[in-house]
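Here the structure comes first, spelled out in structure tokens, and everything after it is commentary.
Nothing in this text is a laboratory measurement; each read-out follows from the coordinates by a stated rule. Fair warning: this is a prediction, and the values are worked out from it, not measured in the lab. Cβ coordinates were reconstructed from backbone atoms using ideal geometry, including for glycine residues, and neighbour counts include every protein chain displayed.
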Amino acid sequence: MEEKTVNALRWIVEILTKNEIPYRIGGGFAAHIYGSTRSINDIDVSLSGKYFSAIIPEVSNYITAGPKHYSNEKWDCDTLSLDYNGQEIDITDVDTLRMSNKEEIEWVQVKDTYRRFPGIMMSIEGVNVSLMDPRDLVAYKKHLGGDHQLVDIESVEKYIADKN
């Protein structure tokens with residue numbers, strides 16, 4: 001894992017932990033930890049948007065967008081985007097997060113659909129991190145399009161099978 005990614009992970013987790021903010025890291029970062037060979041582009045953090053105001057004073061120098069409402073054909077949510085020394089961190093309000101399914105014919109409330117299991121605490125480069133459960137991650141990624149999602153799904157499913 002690149003040094004900038006480890007440094008950004010340590011920084012954001014320290015802020016979240018200090019403020020006692022429950023969160024989960026998902027997306028490609030979590031898939032990478034569960035075995036995907038795809039490089040890490042960003043750190044996707046989901047938490048309740050009610051905590052945005054608690055972290056903004058500590059992250060204000062790194063904000064690239066938000067907090068704001070973001071909506072396109074795939075996503076509908078409140079977000080906060082950061083760039084910590086070259087590493088992108090996307091923080092999403094799980095309470096508002098909706099995504100359209102692959103066919104883009106219906107909206108799915110992510111919190112209700114992909115939060116069936118508690119987060120998994122794992123030490124990553126010496127940082128205790130709350131990751132999205134791999135079963136929720138696979139279910140979530142199956143609704144997303146793109147070959148990179150297939151790479152992640154295959155790797156995470158192998159991780160699940162190896163753990164059983």
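For the stretch 1-74, the set of GluC sites (Glu not before Pro) satisfying both a DSSP loop assignment and a count of at most 12 other C-beta atoms within 10 Å is given as GLU2, GLU20, GLU73. For the stretch 3-158, what is the percent of antiparallel DSSP beta bridges, rounded to the nearest 5? Expressed as a percentage, antiparallel bridges in the stretch 3-158 total about 80. Which one of GLY119, ILE63, LEU97 has its Cα pushed farthest toward the positive end of the charge dipole of the stretch 3-158, where Lys and Arg give +1 and Asp and Glu give -1 at the Cβ? About the Cα centre, the residue reaching furthest to the positive side is GLY119. For the chain, report the translational diffusion coefficient in µm²/s to the nearest whole number, using Stokes-Einstein at 37 °C, 0.692 mPa s, and a Kirkwood Rh over Cα pairs. Estimated diffusion coefficient is 204 µm²/s. The string of couplings for the stretch 144-155 from the Karplus curve (6.51, -1.76, 1.60, θ = phi - 60°) is 9, x, x, 4, 5, 5, 5, 4, 5, 4, 4, 5 Hz, one whole number per residue in order, with x for Gly and Pro.
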